[in-house]
Amino acid sequence: MDLTLTPKHRALREEVDAFIAAHRDAAPRPGGGRKRPDRKALDWQALLLKHGYFARTIPREYGGFGAPHDVIELAIIADAFSRAGISPGIHNQGISMLVPTLLEVGTEEQKRRWIGPTIRGETIWCQGYSEPGSGSDLAAAQTRAAVEDGHFVINGQKIWTSSAHFADMMFLLCRTEPDKSKHAGLSYLLLPMSAPGIEVRPLRTMTGRAEFNETFFTDVRVPVDQIVMGRGDGWHVANVTLKYERMLLGDPNKLQQRLEATRRMMEQPGADGARLLDRAEWRDRLLRLQGEVIAARNHNMRLLTETAEGVDSGLGRFIVKYHGTMLAHRLASLALDVMGSTGLLYEPQGEVAEDDPATTWQIDYMYDIGLIIGGGSSNIQKNIIGERGLGLPREPKAAVPAGRN
Amino acid sequence: MDLTLTPKHRALREEVDAFIAAHRDAAPRPGGGRKRPDRKALDWQALLLKHGYFARTIPREYGGFGAPHDVIELAIIADAFSRAGISPGIHNQGISMLVPTLLEVGTEEQKRRWIGPTIRGETIWCQGYSEPGSGSDLAAAQTRAAVEDGHFVINGQKIWTSSAHFADMMFLLCRTEPDKSKHAGLSYLLLPMSAPGIEVRPLRTMTGRAEFNETFFTDVRVPVDQIVMGRGDGWHVANVTLKYERMLLGDPNKLQQRLEATRRMMEQPGADGARLLDRAEWRDRLLRLQGEVIAARNHNMRLLTETAEGVDSGLGRFIVKYHGTMLAHRLASLALDVMGSTGLLYEPQGEVAEDDPATTWQIDYMYDIGLIIGGGSSNIQKNIIGERGLGLPREPKAAVPAGRN
Amino acid sequence: MRFGLTEDQGLFGRSLRGFLADRLPLDALRRLAETGTGFDAELWRGLGELGLHGLLVPEEHGGAGLGMLDAALAAEALGYHAAPAPFAAALVMAVQAFRSAGDAEQQRQWLPRIAAGQARIGLGFAGLAGQTGRAALRLEGGRLSGALDGLMDGGEATHFLAYLADGRAALIEAGAPGVTATLRRSVDRTRALVDLDLAGAAPVALLQSSNDPLAAARRVRDAGRVMLAADTLGAAQNMLDRAVAYANERVQFGRVIGSFQGVKYMCADMATMLEPCRAMVWYAAYAQDAVPEEAAMVASHAKAHLAEVGREVARLATEVHGGMGFTDLLGLHHQFKRITFDRQALGGPERCRHDAAVAQGWVAA
Amino acid sequence: MRFGLTEDQGLFGRSLRGFLADRLPLDALRRLAETGTGFDAELWRGLGELGLHGLLVPEEHGGAGLGMLDAALAAEALGYHAAPAPFAAALVMAVQAFRSAGDAEQQRQWLPRIAAGQARIGLGFAGLAGQTGRAALRLEGGRLSGALDGLMDGGEATHFLAYLADGRAALIEAGAPGVTATLRRSVDRTRALVDLDLAGAAPVALLQSSNDPLAAARRVRDAGRVMLAADTLGAAQNMLDRAVAYANERVQFGRVIGSFQGVKYMCADMATMLEPCRAMVWYAAYAQDAVPEEAAMVASHAKAHLAEVGREVARLATEVHGGMGFTDLLGLHHQFKRITFDRQALGGPERCRHDAAVAQGWVAA
């Protein structure tokens, strides 16, 4: 363990703090679910990229800052933003899932082509994984792609494609080798949402917004080279992506951000002039969550170190999504409770304008439930933790399909 | 809903309060796991029976008080004892499980013979259900009883027979019809623990005491009429008993008793002169549990009413054990926390003498884990709640036995 | 001498549920929720025909003269179906307010109008119940000024009953001079909140006939808390019922998902939490009428406990539905938000538990 | 610039665990736990040979001069195997006490004796750490009188370090005139508590060289809290490991029970709670040496959080074992009780969280 800050680290900390102080008014409000980044968010993102506060370790040739991997640096940056309650940049499926997937298994050409616009927030990706009949059972995907004239020709249907209604691109898991076994018959394709034959039908969610979609494919054509790895490797690539999705969904900086925001609310005098932070039952709830957030952040530092050193974190990584999403839900729960009846007001401003705090927290609170479900529900996570993390046996195959009693 | 107290009820309440005030020094300390009732406990039991504060509705011809069923009366009595923190009498497996089983499905002769001495605390019963290979899977019992010369001749082994080392009698689930299917081959026998061929080996538990035993049967002979219901009816009778066990283990009066005892501790000034009840984080924890205990007690009143009216409570009854044992564990957890470091002292006085409060609470805290496990573990309870209570399908049979991956 | 519902009560609950199931299929509910006012004239009329308006109003004033337990059964049914209808404030708390602090003349004047469905009273409670938001009202020379946020059932209210800090309550006509009522859409689109700005408004009645106005106000608060607890009970039961039905239908990995212990145990956990709440709500409601010494404690406890259980059930039931639970397709979220509303209105669990401690003398108010 | 253990630290933890696994098979542990003194001469010697006695003692005083993270790894290993050996108080808090409040001469005199395993110091902290029990000591004319309950590692201690309310600490020889030490067996039979009654006992040293004795005392408290957190981490990890092993072995209903989601998810829940605790304990320990501005906060948070997680893991792991977990047969309860001890000693979670709030300036002490 060596977290000693070198003079370089101290300088970075001062630099980030100064940056935030100078630019905080330019930052979009954090939280509140998924929207297409507006001008403000894109400008903010560009500013962060320029200073290396985002995509810091991604090579320059792919559009990143190209800094060597330094866990402390990343922690200093994340900490500064979350302490200040300032957006640390865009986190979407392209940035947090596709980019690391391409970095891990993409070709040089794919990296050069896609990573830059994605991390700048210009190219928005959506994920074509789930289907109506296979939500948790991803490998049962039935959307098929046959090869004709150097193209995959895609037919089928996806669901829960978040952001599909405003996305530019999709990474798609589909069946290209119908003769092979369930898991071996899949491929992982990249395709533009503007391709003819794609129809997106928004799915309104409980937040009242259309954060998800059903996406229908009718003879959609994609050049055969827009595949990540080879034919039949789709399940492998999808699992690489899922690994990063689990990390994204358990992001401890978001947790810290929420904790700080809630603490600040509790420091404000209420209608009766008293601060909730001065009430021990409230303070204890906040403290309990603070302890858990500290554990999550320390754990994340450990994982970052292990990643940097090429160590496979195994169990340590498998738990992140389940742990983080449940904790995020509890943090949002506390925030709503702190706001009390005024926190019930819910007047979302649509896709572009900023929402008020009550609306934002309510969206987060509901959206959290979506995150607990999406990216592999908590039950799926527990299967992964139990089986891959702890080595417990799989559920045996049923002799007869279980139905009603 | 009509909980109006009639003059008769008011008189009863005053009568019970007066009784407690007059006799409280004669009461044994509640809690602290299972022991054979000592003289003090037996005398107390006799006193309660005489006044009708125990076995109030059991017919006089079976040794009870013979009062008509009146939910309010029972509630008044239970409430008075738990408010005062005074033992409401002996609760053991004979009293809480075998007696209602006999009342429900026993013969007239069985009722006359066994109920009286059992409720007086003179005859102690143990339960011969689990076997080493079948803890949760009770119906897989292998202990067998063949009929020879008008006797069942029993061979086999039971485990978790609580109290077997001091019990007088056992109710035993064993296989008498080896040719029949798993569930249809069982019978439910009553036998004296003094019968030749029974060997009891105490199993020391985490409390440091031998609350459970392994019991070995070698050609143990029991007259064929010492069976409850008929041959092959054992699974049915066992389930009647299990129903009452679930009620026993979720007993809300015990919960109320614990809540009150904890509140009293919290009203005492600590080393620093402050009362924990004055600290909002502690008070809130106590209050949260109080809310749950109130719910459990109200629920129990509902079940008692339904029972008295011959309504099958179904789900309402299935949840009681799981709900009650988990809540009891949380109550004991709070009590330990309240005692802090002095609550760590653990100096049990053995089978006869009374233990100090710290030891008693530690025993309860550990014993609670045993109760969460025993009488059908929480997972078994959740199967019952889910399948029988909510109508969800059973786990399908495995095609191949699952083993290590 | 029994702990349970009477046959009449069982029948009443079932018929109300049947009515609501009939009137509020998902597409209708979705349409009514669009406005966010928590009111629909046709539904309101229908509920009136079932006797809901005058449920608690004494027979002498044209009501049914029933008790708080009957009202709780109604609240439960309304919560079960997420019905956009004024109730807790307009038909329970307001009646309670008149009965506990209105003089004979005020009762004679207003209770029949409530029972007839003509007076729909939004009610604001602020500091007295742990509500947040503005709560600064001044009564000077018979005129009321200031601001009071978050009045319940205020969406299409004809009147507002605004509590003062001293426990007295002023009845104000909607639209009267000096009255600005701003509809605020709450996350629960079936119930709105209203922010009231008053500039020298003239009350049409001042409820001040109680010897102890604060105690009278607390009884109104307690009645409201019981209703919100009952509403959560209904909403959570609805979510559990639907989760169980979905788990019995949905196939994944070649099996009905309810056959997986993972899903089954979520349902079992919900049932285990929720089932004892039913008796708790019954008793809390009954105690308001019949057990005065426990009424305040059990009302606050029921509100707090149902809020905690409701939040867990809301999450778990949504989880059982997977992605479908998160969409608008099944409409499960109406009940989810109902539970959110019930929790945050009239004081959250911490505040309610504090009030329960006060009621038991464990701590000073 | 890394968040993790060094190779040496990994090696140290593994070799200590190997040693303990070798020395403490279940029958040996059961035998040693009988006495309830939390001490065994042979085990103590063995741990000394591994360098545990002088782990934190500076090299100039004959120790290894290692840091709090190394000590936490040792505590974790001791907790994992439920080792009946003085450590948190005798080898960590006592050393910290001398280093933060002992003068040069006292350090020169006592630290080498600790490092040599000759001075085994029981330590009592009372009010300063939220301990309950008697805590009334008077120092008059160089003589100490009064009572102090619950000294840790006091089972076969050669000396007792008794903290006064003002943060100074008096070192007293066991068996000296006026010293009555009563061994109290705790529920954790691998660690005892001692109640001290003093009647004009003469301290052999008075630690009072700190400018701020209370702050120095709190640093000792914090070191102890980190050790108890690490001890729980080890004990809980042991219980989880054994639960997983048991779930992989035990057959019920024709299947290995670990293949049932019910059991599997209990294991997954335990792992999810426990795994992040490892990094938390590392950081809390490291911060004691290297991040003074966070040291108090993270020590108290680690103690509180591990106590909460530990309690859940202790219950769940026992449940996975079914009836066997409740018996003495597998000895699982040694770790269960270890976790109980760690939670209740040196302040429970509520107290620790309060101290974390104080450390952040959220509330006055």
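Of the residues making up the stretch D:210-236, just one is surrounded by fewer than 24 Cβ atoms within 10 Å (Cβ to Cβ), touching a residue at least 40 places away in the same chain (Cβ under 8 Å) and among the polar types (S, T, N, Q), namely D:S210.
Mind listing whichever residues of the stretch C:317-365 are part of a helix (DSSP H, G or I), within 17 Å of C:D241 (Cβ to Cβ) and modelled with pLDDT of 95 or more?
Scanning the stretch C:317-365 gives C:A317, C:T318, C:E319, C:V320, C:L332, C:H333, C:H334, C:Q335, C:F336, C:R338, C:I339.
Working only within the stretch A:271-322, note down all residues that are among the small types (G, A, S), more than 7 Å from every other protein chain (Cβ to nearest Cβ) and more than 23 Å from the chain's Cα centre (by Cα).
A:G273, A:A274
Residue pairs whose Cβ atoms lie under 7 Å apart, sitting 6 or more positions apart in sequence or on different chains, and linking a residue in the stretch A:214-232 that is not assigned by TED's automatic domain parsing to the domain that holds A:L172 and part of a loop (DSSP other than H, G, I, E, B) to a partner that is acidic (D, E) and modelled with pLDDT of 95 or more, do not occur here. Given the conditions (1) closer than 21 Å to C:R113 by Cβ; (2) in a helix (DSSP H, G or I), and given that C:G65 satisfies all but one, which numbered condition is not satisfied? The single condition C:G65 does not satisfy is (2). Exactly one residue among B:E109, B:E104, B:E122 is touching a residue at least 12 places away in the same chain (Cβ under 8 Å), acidic (D, E) and in a helix (DSSP H, G or I), and that residue is B:E104.
Collect the residues in the stretch A:176-192 that are away from chain C (no Cβ under 14 Å) and either surrounded by fewer than 21 Cβ atoms within 10 Å (Cβ to Cβ) or assigned to a helix (DSSP H, G or I) (or both), keeping them in residue-number order. Matches in the stretch A:176-192: A:E177, A:P178, A:D179, A:K180, A:S181, A:A184, A:G185, A:P192.
Looking only at the stretch D:261-268, decide whether some residue is more than 17 Å from A:L315 (Cα to Cα), more than 8 Å from every other protein chain (Cβ to nearest Cβ) and not basic (K, R). If you could, list the steps in order and put the result at the bottom.
Keep residues of the stretch D:261-268 that are more than 17 Å from A:L315 (Cα to Cα), which gives D:261-263.
This time we only want the ones that are more than 8 Å from every other protein chain (Cβ to nearest Cβ), so: none.
No, the stretch D:261-268 contains no residue that is more than 17 Å from A:L315 (Cα to Cα), more than 8 Å from every other protein chain (Cβ to nearest Cβ) and not basic (K, R).
Matching residues to (1) buried (at least 24 other Cβ atoms within 10 Å of the Cβ); (2) over 20 Å from the mean Cα position of the chain (by Cα); (3) closer than 30 Å to A:P132 by Cβ:
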position: C:M280; (1), (2), (3): yes, no, no
position: C:V320; (1), (2), (3): yes, yes, yes
position: C:F326; (1), (2), (3): yes, yes, yes
position: C:L332; (1), (2), (3): yes, no, yes
position: C:A357; (1), (2), (3): no, yes, no
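Number of residues in the stretch A:137-175 that are in a strand (DSSP E or B), touching a Leu at 6+ places or on another chain (Cβ under 8 Å) and of a type outside the set (G, A, S) equals 11.
Listed by position, the helices (runs of 4 or more DSSP H) inside the stretch A:280-395 whose residues that are closer than 30 Å to B:L276 by Cβ number at least 1 are A:280-308, A:320-339. Of all residues in the stretch B:193-205, those being closer than 30 Å to D:V187 by Cα and not in a loop (DSSP other than H, G, I, E, B) number 5. Residues in the stretch D:251-266 that are part of a helix (DSSP H, G or I) and either out of contact with any Pro (no Cβ under 7 Å at 6 or more places or on another chain) or surrounded by fewer than 24 Cβ atoms within 10 Å (Cβ to Cβ) (or both): D:I257, D:Q261, D:G262, D:V263, D:K264, D:Y265, D:M266. Between B:G370, B:G324, B:G343, the distinction of being within 30 Å of B:I72 (Cβ to Cβ) and either among the aliphatic types (A, V, I, L, M) or surrounded by 24 or more Cβ atoms within 10 Å (Cβ to Cβ) (or both) belongs to B:G324 only. Residues that are of a type outside the set (S, T, N, Q), over 15 Å from B:R201 (Cβ atoms) and within 11 Å of another protein chain (Cβ to nearest Cβ) within the stretch B:130-165 comprise B:G133, B:G135, B:D137, B:L138, B:A139, B:A140, listed in sequence order.
Annotation: of all residues in the stretch C:245-256 being in contact (Cβ under 8 Å) with a residue 40 or more places away in the chain and at the interface with another protein chain (Cβ under 9 Å from one of its Cβ atoms), the one that is farthest from B:T325 (Cα to Cα) is C:R250.
Considering every residue within the stretch C:27-36, establish whether at least one is within 14 Å of chain B (Cβ to nearest Cβ) and crowded, with 21+ Cβ neighbours inside 10 Å.
Checked the stretch C:27-36: no residue is within 14 Å of chain B (Cβ to nearest Cβ) and crowded, with 21+ Cβ neighbours inside 10 Å.
Name the residues in the stretch C:152-182 that are in a strand (DSSP E or B) and within 18 Å of the chain's Cα centre (by Cα), would you? Of everything in the stretch C:152-182, those that are in a strand (DSSP E or B) and within 18 Å of the chain's Cα centre (by Cα) turn out to be C:M152, C:H159, C:F160, C:L161, C:A162, C:Y163. Here C:A28, C:A72 are screened, and the one residue that is under 18 Å from the mean Cα position of the chain (by Cα), within 30 Å of C:L332 (Cβ to Cβ), not β-branched (V, I, T) and not assigned by TED's automatic domain parsing to the domain that holds C:P292 is C:A72. Go through the stretch A:1-58 and count every residue that is part of a helix (DSSP H, G or I), charged (D, E, K, R) and away from chain D (no Cβ under 14 Å). Result for the stretch A:1-58: 9.
Could you list, in sequence order, all residues of the stretch B:244-257 that are among the basic types (K, R) and more than 9 Å from B:S82 (Cβ to Cβ)?
Going through the stretch B:244-257, the residues among the basic types (K, R) turn out to be B:246, B:254.
Scanning the stretch B:244-257 gives a single hit, B:R246.
Here is a check on your reading of the model: is C:L56 closer than 24 Å to C:G175 by Cβ, more than 14 Å from the chain's Cα centre (by Cα), crowded, with 24+ Cβ neighbours inside 10 Å and not assigned by TED's automatic domain parsing to the domain that holds C:A302? Against the criterion (closer than 24 Å to C:G175 by Cβ, more than 14 Å from the chain's Cα centre (by Cα), crowded, with 24+ Cβ neighbours inside 10 Å and not assigned by TED's automatic domain parsing to the domain that holds C:A302), C:L56 does not qualify.
Only one residue in D:L128, D:L144 is at pLDDT 95 or above, buried (at least 19 other Cβ atoms within 10 Å of the Cβ) and either touching a strand residue (DSSP E or B) at 6+ places or on another chain (Cβ under 7 Å) or in a loop (DSSP other than H, G, I, E, B) (or both), so which one is that? Testing whether each residue is at pLDDT 95 or above, buried (at least 19 other Cβ atoms within 10 Å of the Cβ) and either touching a strand residue (DSSP E or B) at 6+ places or on another chain (Cβ under 7 Å) or in a loop (DSSP other than H, G, I, E, B) (or both) leaves just D:L144. Evaluation of C:G79 against the conditions (1) away from chain A (no Cβ under 14 Å); (2) within 24 Å of C:L29 (Cα to Cα); (3) not in a helix (DSSP H, G or I) shows that the sole unmet condition is (3).
Within the stretch A:99-125, the set of residues being hydrophobic (A, V, I, L, M, F, W, C) and under 18 Å from A:L42 (Cβ atoms) comprises A:V99, A:W114, A:I115, A:I119, A:I124, A:W125.
Matching residues to (1) under 30 Å from A:G133 (Cα atoms); (2) in the same structural domain as C:L148 (by TED's automatic domain parsing); (3) in a helix (DSSP H, G or I):
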{"site": "C:R189", "(1), (2), (3)": "no, yes, no"}
{"site": "C:V194", "(1), (2), (3)": "no, yes, no"}
{"site": "C:D197", "(1), (2), (3)": "no, yes, no"}
{"site": "C:R218", "(1), (2), (3)": "no, no, yes"}
{"site": "C:D231", "(1), (2), (3)": "no, no, yes"}
{"site": "C:G234", "(1), (2), (3)": "no, no, yes"}
{"site": "C:M239", "(1), (2), (3)": "yes, no, yes"}
{"site": "C:E249", "(1), (2), (3)": "yes, no, no"}
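Restricting B:I95, B:I119 to those that are surrounded by 18 or more Cβ atoms within 10 Å (Cβ to Cβ) and within 16 Å of B:K254 (Cα to Cα) reduces the list to B:I95.
The values are calculated or read from the model by the stated rules, or taken from the named source; none is laboratory data. Being a predicted model, the structure only gives us computed values, none of them experimental. No Cβ is skipped: glycine too gets one built from the backbone with ideal geometry, and neighbour counts run over all protein chains shown.
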